[in-house]
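The values are calculated or read from the model by the stated rules, or taken from the named source; none is laboratory data. Worth saying up front: this structure is predicted, and the values here are computed from it rather than measured. Cβ sites come from the backbone with ideal geometry, for glycine too, and all protein chains shown count toward neighbours.
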Amino acid sequence: MSDESKSSVTFIHLRTHSAYSLAEGALHIKQMAGLTKEMGSPALAITDTGNLFGALEFSDALSEKGIQPIIGCTLKVACEEPSPDAVHRQRTGLRKLPSLALLAKDEAGYRNLMKLTSRAYLDTPDTAEPHLSMEYLAAHSGGLICLTGGPDGPVNEALVQGQQHVARTRMEELAKTFGDRLYVELQRHGTENEQLAEPGLIDLAYELELPLVATNEPYFAKLDDYAAHDALICIAEGEVVAAEDRRRLTPEHYFKSPRQMATLFADIPEAIASTVEIARRCAFKVGSQKPILPRYGEGDEAEELRRQAFDGLANRLKERGLSEGYNEDDYKQRLEFELEVIIKMKYPGYFLIVSDFIKYAKSKGIPVGPGRGSGAGSLVAYVLTITDLDPLRFKLLFERFLNPDRVSMPDFDIDFCQDRRDEVIDYVQNKYGKDHVAQIITFGKLQARAVCRDVGRVLQMPYGQVDRLSKMIPMNPANPVSLAQAIDGEPRLKEERDKDTTVRTMLEIGLKLEGLYRHASTHAAGIVIGDRPLEELVPLYRDPRSSIPATQFNMKYVEKAGLVKFDFLGLKTLTIIDKAQRLIRQRIPDFDANKIPLDDLPTFQMLGQGDTVGVFQLESAGMRDAVRQMRADRFEDLIALVALYRPGPMANIPLYCARKLGREPLEYMHPALEPILKETFGVITYQEQVQQIAKDLAGYTLAQADLLRRAMGKKIKSEMDAQREHFLKGAVERGIDATVASNIFDACAKFAEYGFNKSHSAPYAYISYQTAYLKANHPVEFLAASMSLDMGNTDKLQVFRQEAQRIGVKIVPPSINQSQVDFAVKDQAVLYSLSALKNVGSGAIQHLVEKREAEGPYTTLGDFARRIDAHMLNRRALESLVKAGAFDELQPNRAQVFDGVDAILAMANRTTAEAEAGQHDLFGQGSGRKEDVALPAREGWLPMDRLTQEFEAVGFYLSGHPLDDYMTRLTRMGVDTWTSFHAKALTKGATAAKLAGTVTHRQERRSKSGNKFAFVGFSDPTGQFETICFSDTLAVTRDLLEPGKAVIARVEADVDGEEVRLRLQGVEDIERAAAQITSGLTIFLRDAKPIDSIAQRLTNGGKAPVRLVLQMDRGREVEMVLGNKFTVTPQIKGAIKAISGVIDVQDL
């Protein structure tokens, strides 16, 4: 400890901002505790901007260091506006509300602080920053010490504006509210506003006999952190460092020592002394609480749980029977054991609450998942219908979920249909009270890659350079790499840093900002339910994107505060299964996706071929490859695959496959391992297997074995040594050689580094199996359901459309008389959804479909126009319907209908207006004559134009592709398809290719250095892809990169996980390239009428032969050779195909 830290206490920091002052504070809480300890201060206050996000974490961190935590926050307050004649005007723009710093003196003060910050978020509209009225603050000011807010306070604001009378009025109002708990705050960071306000503040303090307090407002730790913090402010504000007119703090906003502060305020020593006085007045820390649950009902919860459990067991056995190898007594004994543990640990209410809302969901037809996570190991959960897999059948362990030797809260992860999850949350809110239920906050951090991109932007580095540097940082969400690790492990980054000072600056700033919180949002699934209004237990926050409040504490600290988490996850796959099931029931009324056989041969044959598009969890290239290698032929293989396919255990997949397929012999270290590991061919795959090994070979109870598994995962040497001794002793007592036992222990310990929970993989494998079964046995309904759930994702829709083509499922193009709101099924074909078209809303299509179903199919365009409500369909929607071919059955000339859109809308508007006015039978409708829409005369679109228009409406080429006629030539030229190259890049490391594509878009941008670059989109018959095109390439290829042009692109690829990113290296015109490949034509005609039109489209000078075949009556044909020196391209071939009277055109 330094000499300074040993000296007597002179100053306490009362205005620190942690990283929870989002995108503003750069002090981690542990760092704050360390700095305070180092300086010898006995106390520290936290006053984050507008929130108490870090209150409990701060209390814990400081208490561990023996430092007194003071809990506070900086809150905005609404005061009257200063008058327009203010001397010093703020810069233009919205006036920011002033703020006060509030510190909790005692428990009552903390409860008021929770209420105040909660109300600031919950009662402020989205259009304003969270704040309070002075009246509300006054009503809840008990137990709070108030500092006047420094430069951002309401008194300072008035003084800087030259409004002394307003300043005095505000100070008097604060004094009236807080009495002797009000301190007049002085700050000296060297800003103009501080200097302008200080004399007035001191005068008011003396006049009103109020104490002065000196504060420093640190946002960062050290003076040399200023540049990094300034970059953080720019990231938050969307500014660049070089900008002049932007928010900035000063280099003085760092964590100063008591001696520095005493020197700074040497002329006002009483202001320094007040900091110690305030710290002594505060005597409260936020502590942890035991779990708090609402009561399920009025009676004895333990008795109610026991009754429901045994009733549920009877129902389960009646419906599903006993698992092989077990009798009814086995089930009852297991149930009794679990109930005893649950009741002893006082968790009956938790099980009853979860069971209640799941039963509600199922009673309303809301799809619920089979359960996942360790909760699937509970028989009580199974009989209460919380989970749907029999834990005895799949050898799942209760102790993995709830361990009587280790007190912890149970935690069920429950999946609901994503479309109806909110209905279940509404039920819970209505049952327990809206103010008793909240979501849980989460915080987005600046991660290594993101922080480099952000810092590069604010430093105005070239986009291409930042993009290239960022891609040198490994991206692994399962095991994130820090920026420091990335620099150490990547020589190219070091090289760039050493040769470029700007890159060095970027990395230095990035290292300081990495890990700071950037924004708040809500946990995807977590819900807490209290036994009282939640703001009495934790502060609350409101995410503007959600109607439900959220706790201000994150997952870890909300549980420490005593609240119990319930996970309500929205899983899209459940919705797909439900939609597919409803479509199948149109053919098979009693079909039930939860009662399918688990040994279906077509399902496993399909999986063995790697045919997994649309199959839950198995769609990625790696999973597809793994399931193909495994040749899965039983449900247990899928459970193992889900457990093994993750970093670490993935290395065991080849061994599992080799043993399963008989390429390697099964080996066990000891015969006693065989019954435990036989299911996984001797490969330790699940955490439950480690527990069972400890029980059977070393005499552990399953609860003790769970502690062993945890110790192995933590790798704490002292714990491991004790467990090894216990394991060896138990194994030797059971006749196992000590060396063998030691080897088994080591094998278990190695596995525990990455082991997976079978109770999680089994339910998720079941969902994977359900989707695979549906695809293998009911592909039409499965594809329709899958496409309905990805209606807004044209890339995914195209993948499903290609899959449908591959497996022989017909997709009927959009049709005004057949298509539905969602993708539908008719005559074992998928009807393309009208709502999936661009610019067409589901409300409009709902209206069109309802009219059609109520009154019959639309017979003409006039009939359509007269029957629809003109308010429901606008021009853009109608044009999309036309472009997609939805009216083809009424009028096949799309160009004519497109030019007649105004006429259709005019008739619709006229008939809608007349209907609203109560006029009927106009235009002779009463006499049976019905007016049709008068369309302008117009030739039909050429095939290429027709496809282009279709692309605009659908988002991809549905009825064909502009490159279809080129594919034979492209193959001969060595041009790859997108899907083929994508697979090669992911599985074989391919890094370059020639790809053909029609340009779909080009978005040009300008980098900070002024260079132009572009994102260019392409489409080929197998999919769509996007490339980045840097300035040099863009300059020479821009003319060829116009939307609609067909080109051959040379690309280079970078692979990031399952993503393949492309860089465009060069482009050539596809017509010119295709012309180099000689290919003749055979043209089939019914008569000689089209010959003149054909001659106009053929030009001499090439090397291609052209033949005419005239098809006569009675099957006779006349063949003529026109010549052997024509120029023939796919474009010319397409133009000839479009000539009226041409039957077909084929390559020669």
Some residue of the stretch 861-869 being within 21 Å of THR912 (Cβ to Cβ) and of a type in the set (Lys, Arg): yes
Pair list, Cβ < 7 Å and 6+ apart or interchain, from the stretch 945-964 residues that are under 17 Å from GLU1071 (Cβ atoms) to residues that are hydroxyl-bearing (Ser, Thr, Tyr) and modelled with pLDDT under 90: LEU947/TYR957
Condition met for THR911 (over 13 Å from PRO814 (Cα atoms), surrounded by fewer than 20 Cβ atoms within 10 Å (Cβ to Cβ) and in the same structural domain as ARG801 (by TED's automatic domain parsing)): no
Qualifying residue in the stretch 710-717 (condition: over 23 Å from PHE401 (Cβ atoms), crowded, with 21+ Cβ neighbours inside 10 Å and either in contact (Cβ under 8 Å) with a residue 60 or more places away in the chain or outside the structural domain of PRO404 (by TED's automatic domain parsing) (or both)): no
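Quick check, is LEU1148 at pLDDT below 80, surrounded by 12 or more Cβ atoms within 10 Å (Cβ to Cβ), in contact with a Pro (Cβ under 9 Å, 6 or more places away or on another chain) and more than 19 Å from ALA1046 (Cβ to Cβ)?
Yes; evaluated as a whole, the condition is true for this residue.
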For VAL812: the one exception among (1) surrounded by 22 or more Cβ atoms within 10 Å (Cβ to Cβ); (2) within 30 Å of GLY900 (Cα to Cα); (3) in contact with a strand residue (DSSP E or B) (Cβ under 9 Å, 6 or more places away or on another chain): (1)
Test for THR250: is it assigned to a helix (DSSP H, G or I) and either out of contact with any Ser or Thr (no Cβ under 9 Å at 6 or more places or on another chain) or of a type in the set (Val, Ile, Thr) (or both): no
Residue match in the stretch 1021-1030 (condition: charged (D, E, K, R), modelled with pLDDT under 85 and either out of contact with any Asp or Glu (no Cβ under 9 Å at 6 or more places or on another chain) or surrounded by fewer than 20 Cβ atoms within 10 Å (Cβ to Cβ) (or both)): no
Failed condition for VAL354, given (1) more than 30 Å from PRO539 (Cβ to Cβ); (2) in the same structural domain as LEU389 (by TED's automatic domain parsing): (1)
Number of positions in the stretch 200-230 that are crowded, with 19+ Cβ neighbours inside 10 Å, of a type in the set (Ser, Thr, Tyr) and over 23 Å from GLU244 (Cα atoms): 1
Index of the failed condition, VAL1118 passing every other in (1) surrounded by fewer than 18 Cβ atoms within 10 Å (Cβ to Cβ); (2) of a type in the set (A, V, I, L, M, F, W, C); (3) more than 30 Å from SER470 (Cβ to Cβ); (4) in contact (Cβ under 8 Å) with a residue 40 or more places away in the chain: (4)
Strands (runs of 3 or more DSSP E) lying entirely in the stretch 972-1087 (those with 2 or more residues that are of a type in the set (Val, Ile, Thr)): 992-1006, 1023-1029, 1046-1056, 1059-1069, 1081-1085
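Quick check, is THR794 β-branched (Val, Ile, Thr) and surrounded by 15 or more Cβ atoms within 10 Å (Cβ to Cβ)? Steps first, please.
Working: β-branched (Val, Ile, Thr): yes; surrounded by 15 or more Cβ atoms within 10 Å (Cβ to Cβ): yes.
In short, yes.
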Count - residues of the stretch 481-519 that are among the small types (Gly, Ala, Ser) and touching a residue at least 60 places away in the same chain (Cβ under 8 Å): 2
The lone exception for GLY940 - which of (1) closer than 23 Å to ARG1038 by Cβ; (2) touching a helix residue (DSSP H, G or I) at 6+ places or on another chain (Cβ under 7 Å) it fails: (1)
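Kindly indicate whether ASP390 is outside any helix (DSSP H, G or I), of a type in the set (D, E, K, R) and under 37 Å from the mean Cα position of the chain (by Cα). Full working, then the answer.
Numbers: outside any helix (DSSP H, G or I): yes; of a type in the set (D, E, K, R): yes; under 37 Å from the mean Cα position of the chain (by Cα): yes.
So ASP390 fits the description; yes.
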Filtered residue count, the stretch 393-419, keeping only those that are over 21 Å from ASN594 (Cβ atoms) and either of a type in the set (A, V, I, L, M, F, W, C) or not in a loop (DSSP other than H, G, I, E, B) (or both): 8
Entirely in the stretch 835-901, the helices (runs of 4 or more DSSP H) that have 3 or more residues that are within 30 Å of ASP795 (Cα to Cα): 842-855, 875-883, 894-899
Pairs, first under 24 Å from VAL799 (Cα atoms) and among the β-branched types (Val, Ile, Thr) in the stretch 968-979, second surrounded by fewer than 19 Cβ atoms within 10 Å (Cβ to Cβ) and modelled with pLDDT of 90 or more, C-beta under 9 Å, six or more apart: VAL975/LYS994
Residue in the stretch 781-797 that is within 30 Å of LEU861 (Cβ to Cβ), assigned to a helix (DSSP H, G or I), modelled with pLDDT under 95 and not acidic (Asp, Glu) present: yes
Unmet criterion (only one of (1) farther than 23 Å from LEU986 by Cβ; (2) among the charged types (D, E, K, R); (3) touching a His at 6+ places or on another chain (Cβ under 8 Å)) for LYS1012: (3)
Selection count where residues are under 18 Å from VAL732 (Cα atoms), aliphatic (A, V, I, L, M) and surrounded by fewer than 23 Cβ atoms within 10 Å (Cβ to Cβ), scope the stretch 662-709: 3
Test: GLN629 is at positive phi and either out of contact with any Ser or Thr (no Cβ under 6 Å at 6 or more places or on another chain) or assigned to a loop (DSSP other than H, G, I, E, B) (or both): no
Any hit, the stretch 362-377, residues being among the β-branched types (Val, Ile, Thr) and part of a helix (DSSP H, G or I): no
Residues (touching an Asp or Glu at 6+ places or on another chain (Cβ under 6 Å) and assigned to a strand (DSSP E or B)) located in the stretch 565-623: ASP567, LEU569, LEU571
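One line per residue, one yes/no per condition, for (1) assigned to a strand (DSSP E or B); (2) crowded, with 21+ Cβ neighbours inside 10 Å; (3) out of contact with any Asp or Glu (no Cβ under 7 Å at 6 or more places or on another chain):
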residue: ILE145; (1), (2), (3): yes, yes, yes
residue: VAL155; (1), (2), (3): no, yes, yes
residue: ALA158; (1), (2), (3): no, yes, yes
residue: VAL166; (1), (2), (3): no, yes, yes
residue: ALA175; (1), (2), (3): no, no, yes
The stretch 429-455 residues that are in a helix (DSSP H, G or I), paired with ones that are among the acidic types (Asp, Glu) and at pLDDT below 95 (beta carbon under 7 Å, 6 or more apart): ALA448/GLU514; VAL451/GLU514
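Confirm whether LEU137 is in a helix (DSSP H, G or I), of a type outside the set (Ser, Thr, Tyr) and touching a residue at least 24 places away in the same chain (Cβ under 8 Å).
Yes; evaluated as a whole, the condition is true for this residue.
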